[in-house]
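Student: Have a look at this one.
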Amino acid sequence: MAKSRDKHTCAFCGAEPGQKKGVFFIPSMYDGLDICSECVCKGYEIISDVQGRKNPAKGKNSPIADLNVPSPQKIKAELDRFVIGQEQAKKVLSVAVHNHYARLKAKFSGADADLPEELADVELDKSNVLLLGPTGSGKTLLAQTLAKMLDVPFAITDATTLTEAGYVGEDVENILLRLYQAADNDLERTQIGIIYIDELDKISRKGENASITRDVSGEGVQQALLKILEGTVANVPPQGGRKHPNQEFLHIDTSNILFICGGAFVGLDKVVKRRRGRRVLGFGDNAGAEKKAVEEDTDNVGKLFSECEPEDLVHFGLIPELIGRLPVLTALEPLDKAALVRVLQEPKNALVKQYRRLMAMENVDLQFTAEALEELADRAVQRGTGARGLRALMEKLMLDIMFTAPDRKGKTRCTITAEVVRGESGPVLERA
């Protein structure tokens with residue numbers, strides 16, 4: 001039964017006038033529905049908290065307010081300082097990242113209010129990115145450079161450690177926990193970060209047909225990734241690990257998190273070959289020439305990756321639903337000898353510059369001849385590990401020098417030649 005209005009009791013907490021110090025009553029047009037000022041304030045806090053979770057850009061101190069969104073050309077120019085080659089991949093990433101954060105910035109500042117009426121209610125979806133490329137081609141470095149440039153939280157996770165919920169391994173939601181920790185436990189900054197999921201090809205299902213048994217580290221993980229990639233409010237354990245019924249969770253909205261996925265996708269080139277190639281029947285020179293042309297055209301792995309279609313990824317083992325949530329697809333080319341020589345000396349954090357600085361701290365002036373750099377690039381090409389293999393070669397090459405340099409007195413000069421790289425002679429330290 002509704003309470004009489006002349007009693008002026010709060011319809012929510014039941015308080016009466018004078019019962020709470022400093023609390024006044026707001027009369028209502030309906031009998032028995034008066035509300036005290038304390039309940040009004042609590043209701044406002046609850047509504048503000050819910051709206052802030054759904055759209056973190058509406059907060060007064062939102063990190064989006066201070067977010068700098070460079071143009072695609074400026075983003076690519078910054079990537080050029082750290083990554084050699086991969087022009088198409090850098091262009092695709094620059095456009096995707098600019099559009100993603102420009103969308104958030106416009107939503108926060110209200111810049112989209114000036115749009116034509118027919119476009120005012122159009123909501124922009126985010127475009128997650130899939131990078132295809134061999135190991136050592138620069139996939140992880142591209143993602144790291146982007147996050148550093150934009151000053152947003154960034155986390156790298158390995159898809160091989162993820163399993164379907166309830167099995168040994170990490171739950172998919174734990175990738176969000178790493179981003180939360182990278183944001184210094186700031187929930188709002190977490191929700192505008194970038195997550196790079198490496199080794200995505202390792203969770204491909206074993207066959208193209210749907211499995212009738214559990215595939216806990218393959219198709220099961222792909223299914224669990226769907227909602228996170230698309231955008232959902234995920235329940236994340238604050239300390240990681242498995243979820244428990246009575247545990248408190250972090251509620252992280254992934255709608256504004258940009259996901260960049262990458263993988264070597266070994267064998268995908270053969271899938272593309274089968275789709276593009278055609279069987280040659282008959283006899284004579286025409287058939288032989290046609291077959292040879294097809295074989296020569298499909299020898300370049302980088303070119304094959306660039307011609308990859310969604311159906312090829314389905315044949316490889318990714319489910320169509322996951323491919324649909326990664327609309328931006330770009331391929332990285334394998335680094336040849338000339339590119340590896342540039343990797344050694346041109347980027348801002350080039351290996352030659354790193355070792356020169358390291359040895360300068362020990363009063364050693366380290367120099368590399370052009371022939372030595374070419375020899376190092378040749379050996380990296382033979383190993384087939386791309387730019388990642390260069391560091392292993394450099395560590396082996398510099399071991400003896402770094403072992404003896406700290407004990408030498410005075411400034412010393414050391415020149416690395418091709419003979420030193422080949423092991424035909426040892427490094428010589430001379431007085432500068």
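Student: Hey, any hits in segment 26-41 for a residue that's open to solvent by 30 Å² or more (accessible area, probe 1.4 Å), in contact with a His (Cβ under 7 Å, 6 or more places away or on another chain), modelled with pLDDT of 80 or more and not in a helix (DSSP H, G or I)?
Tutor: no
Student: Among the residues of segment 237-264, which ones are among the charged types (D, E, K, R) and either modelled with pLDDT under 90 or at positive phi (or both)?
Tutor: Selection gives R242, K243, E248.
Student: OK, next. Out of the residues in segment 399-415 that are crowded, with 19+ Cβ neighbours inside 10 Å and modelled with pLDDT under 90, which is nearest to L344 (Cα to Cα)?
Tutor: Applying the filter and picking the extreme gives I401.
Student: Can you list residue pairs whose Cβ atoms sit under 6 Å apart, with the first residue in segment 62-91 being closer than 25 Å to E333 by Cα and the second being in a helix (DSSP H, G or I) and of a type in the set (S, T, Y)? Count only pairs 6 or more apart in sequence or on different chains.
Tutor: From residues that are closer than 25 Å to E333 by Cα, the pairs are P72/S94; I75/S94; K76/S94; L79/T145; F82/T145.
Student: To continue, here is another question. If you go through segment 359-374 one residue at a time, do you hit one that is under 30 Å from G262 (Cβ atoms) and more than 28 Å from the chain's Cα centre (by Cα)?
Tutor: Yes; the residues of segment 359-374 include at least one that is under 30 Å from G262 (Cβ atoms) and more than 28 Å from the chain's Cα centre (by Cα).
Student: Can you tell me which residues in segment 345-355 are free of Cβ contacts under 8 Å to residues at least 60 places away in the same chain and either under 18 Å from I84 (Cα atoms) or of a type in the set (D, E, K, R) (or both)?
Tutor: Answer for segment 345-355, where residues must be free of Cβ contacts under 8 Å to residues at least 60 places away in the same chain and either under 18 Å from I84 (Cα atoms) or of a type in the set (D, E, K, R) (or both): Q345, A350, L351, V352, K353, Q354.
Student: Does K105 meet the test of being closer than 15 Å to L258 by Cα, more than 17 Å from the chain's Cα centre (by Cα), modelled with pLDDT under 90 and open to solvent by 50 Å² or more (accessible area, probe 1.4 Å)?
Tutor: Yes: the conditions hold for K105.
Student: Test I156 against the criterion of being of a type in the set (A, V, I, L, M), surrounded by fewer than 20 Cβ atoms within 10 Å (Cβ to Cβ) and at pLDDT 85 or above, and give yes or no.
Tutor: Yes.
Okay, residues lined up against (1) farther than 30 Å from D125 by Cα; (2) without any contact (Cβ under 8 Å) to a residue 40 or more places away in the chain; (3) loosely packed, with under 15 Cβ neighbours inside 10 Å:
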residue	(1), (2), (3)
L322	no, no, no
R325	no, no, no
A331	no, no, no
V343	yes, no, no
R357	yes, yes, yes
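Student: In segment 265-288, how many residues are modelled with pLDDT of 50 or more and assigned to a helix (DSSP H, G or I)?
Tutor: 12
Student: Whether any residue in segment 389-398 is open to solvent by 40 Å² or more (accessible area, probe 1.4 Å), touching a strand residue (DSSP E or B) at 6+ places or on another chain (Cβ under 9 Å), on the phi < 0 side of the Ramachandran plot and without any contact (Cβ under 8 Å) to a residue 60 or more places away in the chain is what I want to check.
Tutor: Step one: filter segment 389-398 for residues open to solvent by 40 Å² or more (accessible area, probe 1.4 Å), giving 391-392, 395-396.
Among the residues that remain, those that are also touching a strand residue (DSSP E or B) at 6+ places or on another chain (Cβ under 9 Å) are: none.
No, because not a single residue in segment 389-398 is open to solvent by 40 Å² or more (accessible area, probe 1.4 Å), touching a strand residue (DSSP E or B) at 6+ places or on another chain (Cβ under 9 Å), on the phi < 0 side of the Ramachandran plot and without any contact (Cβ under 8 Å) to a residue 60 or more places away in the chain.
Student: Given the structure, is L373 without any contact (Cβ under 8 Å) to a residue 40 or more places away in the chain, surrounded by 15 or more Cβ atoms within 10 Å (Cβ to Cβ), within 30 Å of M149 (Cβ to Cβ) and not hydroxyl-bearing (S, T, Y)?
Tutor: Numbers: without any contact (Cβ under 8 Å) to a residue 40 or more places away in the chain: yes; surrounded by 15 or more Cβ atoms within 10 Å (Cβ to Cβ): yes; within 30 Å of M149 (Cβ to Cβ): yes; not hydroxyl-bearing (S, T, Y): yes.
Judged against the criteria, L373 is a match.
Student: So, one more: When the residues of segment 247-270 are filtered to those that are open to solvent by less than 10 Å² (accessible area, probe 1.4 Å) and not aliphatic (A, V, I, L, M), which remaining residue is nearest to V97 (Cα to Cα)?
Tutor: F259
Student: Output the residues belonging to segment 418-432 that are modelled with pLDDT under 80 and farther than 18 Å from M402 by Cβ.
Tutor: Within segment 418-432, R431 is the sole residue that qualifies.
Student: Going by the structure shown, is A77 modelled with pLDDT of 90 or more and touching a Gly at 6+ places or on another chain (Cβ under 9 Å)? Spell out the reasoning first.
Tutor: Working: modelled with pLDDT of 90 or more: yes; touching a Gly at 6+ places or on another chain (Cβ under 9 Å): no.
Against the criterion (modelled with pLDDT of 90 or more and touching a Gly at 6+ places or on another chain (Cβ under 9 Å)), A77 does not qualify.
The values are calculated or read from the model by the stated rules, or taken from the named source; none is laboratory data. This one's a predicted model, so the numbers in the text were calculated from it and none came from an experiment. All Cβ positions, glycine included, derive from the backbone under ideal geometry; neighbour counts span all protein chains shown. Remember, those area values only see protein heavy atoms, side chains included, never the ligands or the DNA or RNA. Shrake-Rupley method; radii C 1.70, N 1.55, O 1.52, S 1.80 Å.
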